[in-house]
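Notes to accompany the following structure.
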Amino acid sequence: PSSAPKDLTVISREGRPRAVLISWQPPMEANGRITGYILYYTLDKNMLIDDWVMEAISGDRLTHQVVDLNLDTVYYFRIQAKNAKGVGPLSEPVQFRTAKVELPDKMANDQGTIHPHLKEFY
């Protein structure tokens, strides 16, 4: 492919703060059938691409889920397409920050409980 995949998008998964759903569109200039995509992600966008985490995706897919990410962390994502002749150029990096907390609605349940060590004084 002589162009990168387009419209790389990162969205959080409902109720899964450590997972993101990545989507993209095929490159404009595929120069043949796309046989797969390579997704890269990292915490440091200035690292060499060889040092980014890499996940291979089959050619007919336009979405991919990444799991087990750190909370409240900025990640950078890039993707490239490949065909029978080799890999194409990388997309521009897309920045995404994961959620700060695992379960934000649990904290409301903590009110009105007596501290276990104070019970003996009542």
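The values are calculated or read from the model by the stated rules, or taken from the named source; none is laboratory data. Remember, it's a predicted structure, so these values are computed and weren't measured experimentally. Every residue, glycine among them, receives a Cβ derived from its backbone with ideal geometry; neighbour counts consider all protein chains shown.
Within the stretch 86-107, the set of residues being at pLDDT 95 or above and not acidic (Asp, Glu) comprises Gly86, Val87, Gly88, Pro89, Leu90, Ser91, Pro93, Val94, Gln95, Phe96, Arg97, Thr98. Restricting the search to the stretch 2-28, which residues are within 16 Å of Glu92 (Cα to Cα) and not in a strand (DSSP E or B)? Of everything in the stretch 2-28, those that are within 16 Å of Glu92 (Cα to Cα) and not in a strand (DSSP E or B) turn out to be Ser2, Ser3, Ala4, Pro5, Pro26, Pro27, Met28. With respect to the conditions (1) in a loop (DSSP other than H, G, I, E, B); (2) out of contact with any helix residue (DSSP H, G or I) (no Cβ under 8 Å at 6 or more places or on another chain), Leu90 lacks only one, and its number is (2). Going by the structure shown, is Glu55 under 14 Å from the mean Cα position of the chain (by Cα) and surrounded by 13 or more Cβ atoms within 10 Å (Cβ to Cβ)? Yes. Within the stretch 1-16, the only residue that satisfies the criterion of being of a type in the set (A, V, I, L, M, F, W, C) and more than 15 Å from the chain's Cα centre (by Cα) is Ala4. In the stretch 9-42, the qualifying residues are those that are modelled with pLDDT of 95 or more and in contact with a helix residue (DSSP H, G or I) (Cβ under 9 Å, 6 or more places away or on another chain), and the one that is nearest to Ser58 (Cα to Cα) is Tyr40.
In the condition set (1) over 29 Å from Val101 (Cα atoms); (2) not in a strand (DSSP E or B), Lys45 is compliant with all but (1). Just one of the listed residues (Asp60, Asp110) is at pLDDT below 95 and under 20 Å from Asp7 (Cα atoms), namely Asp60. If the condition is being within 10 Å of the chain's Cα centre (by Cα) and not polar (S, T, N, Q), then the stretch 79-97 contributes Val94, Phe96, Arg97.
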